[in-house]
1. Name the residue that is nearest to R303 (Cα to Cα), counting only residues in the stretch 344-389 that are over 15 Å from the mean Cα position of the chain (by Cα), acidic (D, E) and surrounded by 15 or more Cβ atoms within 10 Å (Cβ to Cβ).
2. Are any residues in the stretch 135-159 loosely packed, with under 14 Cβ neighbours inside 10 Å and free of Cβ contacts under 8 Å to residues at least 60 places away in the same chain, and if so, which ones?
3. Do we have any residue at all in the stretch 184-195 that's farther than 24 Å from S46 by Cα and touching an Asp or Glu at 6+ places or on another chain (Cβ under 6 Å)?
4. I'm trying to understand the selection: among the residues of the stretch 115-132, which are surrounded by fewer than 19 Cβ atoms within 10 Å (Cβ to Cβ) and among the small types (G, A, S)?
5. On the given criteria, is S318 of a type in the set (G, A, S), surrounded by fewer than 21 Cβ atoms within 10 Å (Cβ to Cβ) and at pLDDT 95 or above?
6. Before we move on, is T309 over 22 Å from G203 (Cβ atoms) and hydroxyl-bearing (S, T, Y)?
7. Pairs only if they're at least six apart or on different chains, beta carbon under 9 angstrom, first in the stretch 63-83 and in the same structural domain as L232 (by TED's automatic domain parsing) and among the small types (G, A, S), second exposed (fewer than 15 other Cβ atoms within 10 Å of the Cβ) and in a helix (DSSP H, G or I); list them, first residue then second.
8. Anything in the stretch 242-272 that is within 20 Å of the chain's Cα centre (by Cα) and not in a strand (DSSP E or B)? List them, or say none.
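The values are calculated or read from the model by the stated rules, or taken from the named source; none is laboratory data. The shown structure was predicted, so the numbers you read here are calculated from the model rather than taken from an experiment. Here the Cβ positions follow ideal geometry from the backbone for every residue, glycine too, while neighbour counts run over all protein chains shown.
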Amino acid sequence: MLNQRSRFLFNIAVFGVICSGVGFGAIASTSAVVASESSQLSMKFSFGALVAKMKAQAREAYEEPTAELPDALAALEYDGYRKIGYKRDRSKWMDTENFRVHAFHPGWLFKNPLKIYEVEEGAAEPFLFQAADFDYHDTELSASLSDVAFPGVAGFRLLNPLNVEGQMDEIVAFLGASYFRALGAGNVYGLSARALAIDTASGKPEEFPNFTAFYLGKPVEGAEKVTVWAELDSPSVTGAYQFTFKPGQQTEVDVTAHLFFRSDVERLGIAPLTSMYLYGENDRVGFDDFRPEVHDSDGLKLRFANGKTSWRPLSNPSNLQLSFIAARSPSGFGLMQRDEDLKHYQDLEARYDKRPSLWIKPLGDWGAGAIVLAEIPTDQEINDNIVAFWSPNEAVKAGDERSFHYKMYWGDEVGRSEQVLMPVSQTRSGKAGHSASDENALLRKFVVDFDASLFAESGLNGERLERAKPFIQNAALNGEVTFTDVRYIDELGVYRVFLDVSRDNLEVPVELRLQLSDGERAVSEEWLYQWGWGS
C-alpha cells in the first residue's frame, strides 16, 4: 500500500510541476509528411467503431507498453526536459477560430509515446511531431534532437480564448496514465481527474489504467465545443471514452465511458478526482507556516437523489482515512474549493484562491453504490493526497461490460448562486471545554459556521434564533456529543454551532453529522466529519 501510495503521489506531483511550469509545453507541428504519405495513413473513425475495437481488445491478453523512444529522447532527464517550451506558431488548428492543440514532449518519465490523431469528416489522420515544433533553450540538446523522428508524444493540451478575446489560454491538459486537468475562467491549475480508478485504497496494489491513443475532432469554424475520444487499457480493463469540452466560467465536459473488464475488480472508481489538502482551519496543527491555509480543495460536496446536500470538510489525517457515504445514483458530487478569499491563504504565488472546484453530475441511473473519500497523510503540498469517486455496490467480474455518462463542471462551485439551504462556510476544531480546561485527547471541540447571507429576505435571522436548533442525526457514531450550542452572529452573517465530542477509543474513528432546522424543516446543508483514528 505504501509503495502504491508513493507512486500515486509522485505521478501527481510530476503532473502538477509540468502543467504549472511557466512557458512549458510542446506544440504540434503542421506536419513534415507529404500529402500522399498522410493520405495513406488516414482511416475511417467513429465512436461506435472505437467502442467495438476496445471491446474486442478486452478479449485479448494485456500487453505491457514497451518503450519505443529513440535513444536521444529516452536519455532526457528532468533538467533538460523542464527547459523545453513550445512554439506558438507551430500550434495545430491555426486555421480555426476558437481552439488550438499543443503536445507535451516525449521523454524523461514519459517513455511510452501516445498516438494522437485528428478527426475530420469521419476520417482520422495522425498528428505528427518533430523537434522543429519545440524550443529547447539548450543548443546542445536542440542539436541532438534535430534529426530525431518522434514516434508519439507524452500528451496534449487544448487552448481557447477562455479569459480574454483573441488570447489563447489552456482549458485542459492530458498527461500521465489517465490523468487530466481543466480550467474555468479565471482559474489556475489545481485538482485533477482520472478516467478510472482500480482498487484504490483497497488493501491491494492499485492499478493505473493508461490512455494509449487520442482522437481529436477538429472543430468547424465558430464552434464553441470540441470533442476528444480516447482508448484506455490496463491489465483489468479496456475502455472507450468520449469527452466534449465547452469552455466557460464553468468549463463543462460531457463524458461517456464504455468499459470492458478482463478480470475481477475489487473496487471500481467512477469519475475519480484527486486533490491536495495540507491544512486548513480545522487541522493546521504541526505546520509552522505563515499561510493560514494550504489546499487545492477544502471539501467534498454531495447531492443525493432525494435532493439532500451534504458537505464533508477535508482533512490531513495522521493515518490513511477512508469514508464510504452510501449514495444510490447520486445527483452529484465533487471536490470544492469553496473558500475563494485570498486573505485566507496569503499566498501570492500559488493562488489557492483561484483553484477550480470540480462537480460531477451523473446522467442516467448509476444504481446502488457509495461515494468513497480517501485522505492520505502528507507533509508537503506537492503531493495530491485526496481521492474521491463513486463506487458501485455490484461486484465487477471478468467479462463484464459497464457504461457511464456524466458531466463535469470545472470552475466556480456549481449551484452556489442557487443555494436553497445554508451552506457550511467554515469548520474549526480544537481543545474541548473552556480556556482553563486541560488537554484531553479523548475530547475535542468542533465549531461549524453556516452562511446565512442568502436567507436575509426569508426572515431567517437573529430574531428566529430560538427556532434554529441543531438538528442532529447520528450525531456521533463511536463517540458522544457532550455539549451543543448555536448562535447567530450578525457581524459575520452566520449561524455558528459549537459541539464538544468525547470518544472512548483513539483507534476507532468518530463519525459526526449535523444539520440545522428551524423547528419545522432543514435550513442548512448537512455537515459530515470524521474525527480520525489515532489522532
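1. Checked the stretch 344-389; the qualifying residue nearest to R303 (Cα to Cα) is D353.
2. Residues satisfying the conditions are H137, T139, E140, A143, S146, D147.
3. Yes.
4. Once the filter is applied, which keeps residues that are surrounded by fewer than 19 Cβ atoms within 10 Å (Cβ to Cβ) and among the small types (G, A, S), the stretch 115-132 yields G122, A123, A132.
5. No, not satisfied.
6. So T309 passes the test.
7. From the stretch 63-83, the pairs are A67/A74.
8. P247, G248, Q249, R267 - these are the residues of the stretch 242-272 that are within 20 Å of the chain's Cα centre (by Cα) and not in a strand (DSSP E or B).
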